[in-house]
Amino acid sequence: PTVDRVLDPDAVAALREVPESVRVDDDLLRYAAALARATREDRRVEAGVSPRGTQRLFETARAAAVIADREFVTPDDVKRVAEPTLAHRLVLTPDAAVNDVDERDVIADVLDRVAVPTVEAPEA
């Protein structure tokens with residue numbers, strides 16, 4: 001079998017830069033940080049989302065905006081990517097693990113608890 005080249009190296013490099021051009025409102029940065037902090041404060045969690053995990057949340061939210069053909073991140077982008085980006089980063093307490101707590105449920109609860117900012121779409 002052969003594989004056809006779909007992109008040249010310059011195109012790959014250009015695509016890697018696209019998410020960096022996507023704007024993230026300061027309130028959304030604070031929101032993402034608050035989500036991470038809430039995981040660390042949850043009684044079911046031994047070790048919550050780290051600063052690196054928070055950075056990955058920013059990156060995946062930017063990617064979600066790119067996929068949606070937008071140049072800015074919305075609160076829905078952050079919420080949409082939170083579970084797949086953050087759940088596997090949680091270390092549950094022994095009690096939570098014994099009681100079959102699911103990390104995805106912890107993230108869902110955190111999303112319900114943390115106030116979502118109202119962000120205006122930037123002017124074109």
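Values in this text are rule-based calculations from the coordinates and carry no lab data. Please read these numbers as outputs of a predicted model, since none were measured by experiment. With ideal geometry, Cβ positions are generated from the backbone for all residues, glycine too; neighbour counts draw on all protein chains shown.
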* Hey, got the dipole for the chain? About the Cα centre, +1 on K and R Cβ, -1 on D and E Cβ, debye to the nearest 20? -> 340
* Contour minus Cα-Cα distance for VAL3 and ALA115 (0.36 nm per residue) -> 35.6 nm
* To do: Would you mind telling me which residue in ALA47, ALA34, ALA65 has the biggest mean-square fluctuation in a Gaussian network model of the chain, where springs connect alpha carbons within a distance under 10 angstrom?
  => ALA47
* Structure fact -> GNM of the chain, Cα pairs under 10 angstrom: of ARG52, ARG40, ARG70, the biggest fluctuation goes to ARG52
* Asked: What does a probe at GLU46 reach in segment 73-90, counting residues whose amide N is under 20 Å from the point 7 Å along Cα→Cβ?
  -> 86-90
* To do: Could you list the square roots of 5 times each eigenvalue of the Cα gyration tensor of segment 23-113, that is, the equivalent ellipsoid semi-axes, sorted largest first and rounded to whole Å?
  => 25, 12, 10
* Asked: Which of these, GLU59, GLU71, GLU46, has the largest mean-square fluctuation under a Gaussian network model of the chain (Cα springs below 10 Å)?
  -> GLU46
